[in-house]
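Only the coordinates and a few stated rules stand behind these numbers; no lab work does. The shown structure was predicted, so the numbers you read here are calculated from the model rather than taken from an experiment. Using ideal geometry, Cβ is built from the backbone for each residue, glycine included, and neighbour counts are taken over all protein chains shown.
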Amino acid sequence: MVISLLWAGVGAITASAAPRELRVGVYSNEPKVFVNDDGKAAGIFVDLLQLVADREQWTLKFVPCNWQDCLNALRAGQLDLMPDVARTPEREGLYDFHTLPVLHSWSQIYRAHGSAIHSLFDLQGKRVAVLKGSVQRATFLNMMDSFGIQVSLVDAPSLIEAFALVQRGEADAVIANHLFGNFHSVRYGVTDSGIVFQPATLFFATTPGRNAEVLAAIDRSVQDWRSGADPAYAEVLRRWGVQAQEGGMPPLVWWSLAGLLAFGLLAALAALVLRRQVQERTRHLQDSEQKLATILDSVGAFIYIKGRDYHYQYANHHTLKLFGKSASEVVGHDDTAVFDTATAAQLRANDRRVLEDGETLEAEEVNTQLATGETRVYLSIKIPLRHADGSIHALCGISTDITERRKAEESLQIAATVFESFEGMIVTGPDQRILKANQAYARLTGYAVEELVGQTPRLLHSGRQDAAFYAAMKNALRTTGNWQGEVWNRRKDGTEYPAWITITTVRSPEGEVTHYVGTQTDISSRKAAEEEIRLLAFYDPLTGLPNRRLMTDRLQHSLAASARSGTGGALLFVDLDNFKDLNDTQGHELGDQLLRQVAARLSGCVRMGDTVARLGGDEFIVLLEGLSPHAAEAAAQAETVGRTVLAALSQSYLLGGLSHHSACSIGIALYADARGSVDELLKHGDMAMYQAKGAGRNTLRFFDPRTQANVTARTLLEAGLREGLRDGHFLLHYQAQINAHQGVVGAEALVRWQHPQRGLVSPAEFIPVAEASGLIVPLGTWILRTACQQLVAWGQDARTAHWTLAVNVSARQFRHSHFVDEVLGVLEETGANPHRLKLELTETLLLDDVEDTIGRMEQLRRHGVGFSLDDFGTGYSSLSYLKRLPLDQLKIDQGFVRDLLTDADDASIARTIVTLAHSMDLGVIAEGVETCEQRDMLIGLGCLTWQGYLFGRPGPAAELQAAAAAHAVVVP
């Protein structure tokens with residue numbers, strides 16, 4: 001390829017002629033042409049061409065390239081001129097040349113220092129480096145063939161690389177033109193061998209038919225150089241250390257070439273005489289070789305001969321067939337041509353012992369062929385072949401394939417090893433008498449091998465398998481030839497053990513039974529593991545009772561059996577009361593002790609056929625089967641067992657050396673109520689158990705279908721709540737709060753659910769469901785936002801701008817992690833005045849994590865939000881906590897207001913609340929005021945703010961305007 005680097009040698013250009021630009025190829029062939037250290041073209045041909053260019057007013061662009069790439073580029077028209085080209089008939093068909101040669105040259109062979117190469121015959125077996133694609137290569141190869149001299153040519157991309165090959169020891173000699181060789185011989189440490197050949201005339205070449213005027217101009221200059229008219233030619237040659245070539249090549253070179261030709265003629269004449277003598281002797285040798293080859297090919301072994309170079313010199317027919325190659329593909333090659341690397345290395349090591357040490361070798365050789373990858377084993381005998389003087393010149397090998405024999409031996413060895421393996425194994429005759437037993441079988445049975453031989457396997461029968469079992473075994477052996485299965489055997493010492501036995505029938509070619517081969521493995525460990533797995537899968541590891549999986553399976557079978565037989569049954573769902581408290585205070589170890597003792601007591605309360613199971617945690621199940629088919633009687637029987645369980649589990653327990661009392665709640669569900677469904681029955685029992693807990697614990701309850709109806713209704717109500725929140729079915733009603741002197745001072749926001757089918761749903765019905773399901777959080781957020789929007793609307797009217805609005809906050813909503821941020825966010829979003837917003841909290845909410853409660857309240861209080869303590873007096877508020885809470889108001893519960901006139905205690909409590917509020921500088925309001933008498937008495941107690949039906953029922957915001965007009969001032 002033409003390299004992109006170009007440089008130009010600019011000739012003299014006259015003003016009267018247009019310059020001609022020529023692209024000239026430059027390759028490395030010092031001193032004739034090359035690229036110097038400055039990256040510029042240099043050499044004899046470059047300087048001579050520059051003389052012509054100056055004369056003809058040409059501009060020269062030199063293109064560096066390798067020799068062959070230069071010629072290809074010239075031929076393709078990518079170059080205009082190529083220097084230093086030897087003119088041959090072949091090249092005359094590819095390129096155009098000028099008439100007169102520029103230089104005369106010849107090829108010489110240079111040898112490495114110390115190499116004994118002085119004539120052509122010294123090149124036998126040597127490595128000779130040569131320029132790839134050069135004329136010297138083909139000429140030299142033909143010359144060697146004519147003399148019968150075998151050399152190895154090493155192609156190089158450039159003459160520099162060819163000389164470097166000799167310097168690195170990768171070639172013994174190198175071919176180059178004498179100018180290049182003499183120029184570089186010292187640098188690369190090579191010496192002229194005195195061998196010259198191929199005189200050549202060197203020209204400039206160009207692309208055919210394109211540059212005739214260029215070639216004519218070069219001829220004119222060469223003519224002047226040769227005639228002596230232009231001394232510049234001689235000066236260029238002297239500058240590059242070359243003698244002027246006025247009459248062609250020096251006489252010494254011609255004498256050398258003539259001598260080489262005469263030598264060749266004499267050698268050819270001698271070869272002709274010798275050839276006739278050799279032909280006669282060859283015929284005799286061929287006859288002898290043919291007879292020997294016939295004999296060796298008839299032998300079944302693999303016979304071959306290898307020389308000292310480890311190459312094959314002969315291989316008989318069987319060897320060639322094994323290799324899958326012809327004689328020409330084997331002879332002259334070593335084992336790497338046939339076998340893989342490892343095999344070739346092993347064979348080379350064995351052959352070395354014969355060829356180098358003179359051993360007669362007999363060895364097994366494992367050979368893998370390259371072509372097939374097949375590995376086979378050979379027994380090889382290799383002997384040295386010697387000359388008359390005793391020196392070894394080759395080896396003769398005879399190999400026999402013993403692969404099948406080796407496999408048979410290995411099979412026998414494996415069989416013997418297997419027989420003495422860890423498995424017990426015996427061989428019996430057709431009469432089942434033991435002929436051979438291994439040591440493993442003896443260890444397994446407890447008998448010595450000598451005691452077993454002559455006996456039958458009946459010696460080990462335990463009696464657990466009956467005659468029918470062994471009859472089926474014999475039938476399987478007769479029909480299929482093998483049997484395997486689990487058998488309980490008895491050892492010599494009388495202990496029994498489970499064994500896995502395999503029996504195989506051995507038959508003769510005629511089909512007669514000759515032997516039985518049996519194996520026996522002790523599976524005691526496996527059986528124990530299977531039992532442990534079964535226990536883990538079906539039993540609770542702590543109590544040893546059936547777990548949920550086994551209980552469910554038994555319950556399914558029990559329900560099916562009850563349906564078939566018509567008998568009754570019952571499920572007792574037992575849950576320990578306050579078990580979590582024991583775990584939390586005393587630790588799980590004592591809790592586990594309690595569970596184990598409970599399991600033992602439960603098992604003692606039922607009959608043998610009943611089931612006690614542990615569901616998990618502190619929940620147990622008792623299944624009672626075979627009860628009366630009449631539901632009432634079955635219920636009475638189940639209740640009797642339930643009372644027994646209550647009594648048993650309420651007795652004290654000894655845990656960690658200390659006495660502990662516990663109790664349980666029991667839910668009872670009859671089979672008759674479950675309609676054959678395991679899940680239904682468990683659900684009924686669970687519901688009944690929670691009814692028992694709701695009834696005060698340490699009691700039992702039967703499943704009531706009405707409970708199921710309530711649960712279903714609760715589920716439907718929860719679904720309706722979700723739809724209501726999504727579709728906007730909720731609204732706020734407002735109940736006025738009246739002050740004795742100021743009239744309406746605010747209101748309490750009360751949520752209402754406008755159900756699309758049921759109409760207005762009472763908060764008492766849906767608020768508990770919202771609390772339990774968590775929907776109270778998004779519902780509370782909606783209430784808060786709607787209330788704040790109402791505050792904004794009131795703030796725009798001077799008559800209502802001073803009103804406050806109380807919003808109830810549930811415990812779950814207040815404890816939500818984002819509650820404070822949510823309240824502040826709604827206030828900012830709506831623009832409501834925080835000083836007009838009052839959040840009503842319950843006592844129970846405040847007592848749960850008081851410090852967190854105070855922290856949340858103070859965050860909101862700092863932004864102006866007020867707090868009212870709702871239903872005050874119904875809980876267990878601590879006064880020490882109460883005084884720390886940032887409250888603004890106490891609300892007297894309507895339970896105290898209702899009987900205020902008739903119950904002295906209620907009146908006393910109301911008075912105390914008012915007094916406490918005044919002492920703590922808190923506001924006070926009474927709810928549930930329905931009569932004027934109640935209002936007047938509250939005034940007498942000092943409570944001047946109220947709300948209740950006396951002042952109007954809760955309603956839309958617009959109705960508060962009417963209430964405000966009716967109750968402008970209550971006490972003048």
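Suppose every Lys and Arg Cβ carries +1 and every Asp and Glu Cβ carries -1, with no other charges. What dipole size does the range 420-528 come out with about its Cα centre, to the nearest 20 debye?
Numbers: 13 positive and 12 negative charges, 45 e Å.
Result for the range 420-528 is approximately 220 debye, rounded to the nearest 20.
Summing Lys, Arg as +1 and Asp, Glu as -1, what charge do residues with Cβ under 13 Å from the Cβ of D592 carry, D592 excluded?
-1
With the simple model of a label 7 Å out from the Cα in the direction of the Cβ, A345 to K492 spans 5.4 nm. Packing-based ranking of 899-907, 385-393 yields 899-907, 385-393, ordered from highest to lowest mean Cβ neighbour count within 10 Å.
Each principal axis of the range 545-632 carries a Cα extent, and these read 48, 26, 19 Å when sorted largest first.
If you average 1/r across every pair of different Cα atoms in the chain and take the reciprocal, what Kirkwood value do you get, in Å?
Values: mean 1/r = 0.0225 Å⁻¹.
For the chain, the Kirkwood estimate is 44.4 Å.
In the chain, taking the dipole from charged Cβ atoms about the Cα centre, the farthest positive-side position among L670, N182, Q313 is held by Q313. The share of Cα pairs per 10 Å bin across the range 539-703, counted from zero up to the longest distance, runs 11, 42, 34, 11, 2 percent. Rg/Rh for the range 7-249 stands at 0.99; both radii use Cα atoms, and Rh follows the Kirkwood definition.
Full extension from D849 to R758: what is 0.36 nm times the residue separation minus their Cα-Cα distance, to one decimal in nm?
On the way: separation 91, 0.36 × 91 = 32.76 nm, distance 3.93 nm.
Here the answer is 28.8 nm.
Computed over Cα pairs, the Kirkwood radius of the range 442-494 leads via Stokes-Einstein (1.567 mPa s, 4 °C) to a diffusion coefficient of 104 µm² per second. Between the alpha-carbon centres of the range 353-372 and the range 816-856 there is a gap of 97 Å.
Rounded to the nearest 0.05, what FRET efficiency do R643 and H588 give with R0 = 25 Å and r taken as the Cβ-Cβ distance? Could you check? Mind dumping the intermediate values first?
Working: r = 30 Å, r/R0 = 1.22.
My answer for the efficiency is 0.25.
Taking every alpha-carbon pair in the range 811-951 and binning the separations at 5 Å intervals from zero gives 2, 9, 19, 20, 17, 14, 10, 6, 2, 0 percent.
Calculated mean residue ellipticity, 222 nm, the chain: -13500 deg cm²/dmol, from DSSP H runs (n ≥ 4) at -39500 (n - 2.57) each, averaged per residue and rounded to 500.
Exposed loop positions in the chain were taken to be GluC sites (Glu not before Pro) whose DSSP state is not H, G, I, E or B and which have at most 16 other beta-carbon atoms within 10 angstrom. Between these positions, the longest stretch is 513-929. Between Y470 and K132, the simple spin-label model (points 7 angstrom out along Cα→Cβ) gives 8.7 nm. Cross-link reach is defined here as a Cα-Cα straight distance under 13 Å, omitting same-chain residues fewer than 8 places apart; for K838 the aspartates and glutamates meeting it are E748, D870, D888.
Looking at the range 18-133 from every direction and averaging, what is the projected area of its Cα convex hull in nm²? Intermediate values should be presented prior to the final figure.
Values: hull surface 39.4 nm².
Orientation-averaged projected area of the Cα hull: 9.9 nm².
Can you pull the Kirkwood radius for the range 730-966, inverse mean 1/r over Cα pairs, to one decimal in Å?
Working: mean 1/r = 0.0545 Å⁻¹.
Radius from the Kirkwood sum: 18.4 Å.
For the range 299-407, would you read off the P(r) tail past 19 Å as a percentage of all alpha carbon pairs? Here the long-distance tail beyond 19 Å is 40 percent of all Cα pairs in the range 299-407.
Net charge of the neighbourhood of L654, taken over other residues with C-beta under 13 Å away and scored Lys/Arg +1, Asp/Glu -1, is +2. If you take the Cα atoms of the range 420-528, find Rg, then find the Kirkwood Rh from the mean of 1/r over all pairs, what is Rg/Rh? For the range 420-528, the value is 0.95. Relative to the dominant Cα principal axis of the chain, helix 524-538 is inclined by about 50°.
A dipole drawn for the range 625-758 from +1 and -1 charges on Cβ atoms has a positive end, and of Y653, L681, H741 the residue lying farthest that way is H741.
Farthest towards the positive end of the charge dipole of the chain, among the residues L582, G429, T201, is the Cα of T201, using unit charges on the Cβ of Lys, Arg, Asp and Glu.
Spatial offset of the range 672-694 relative to the range 151-221 amounts to 109 Å, using the alpha carbon center of each.
In debye to the nearest 20, how big a dipole does the range 638-735 give about its Cα centre with +1 on each Lys and Arg Cβ and -1 on each Asp and Glu Cβ?
Numbers: 10 positive and 9 negative charges, 46 e Å.
Approximately 220 debye in magnitude.
Normalised size of the range 568-613, defined as Cα radius of gyration per 2.2 N^0.38 Å with N residues, equals 1.38.
Taken along the Cα-to-beta-carbon direction at a fixed 7 Å, the label points for R596 and E930 span 6.0 nm. When only the Cβ of Lys, Arg, Asp and Glu is charged (+1, +1, -1, -1), the dipole of the chain relative to its Cα centre reaches about 2100 debye.
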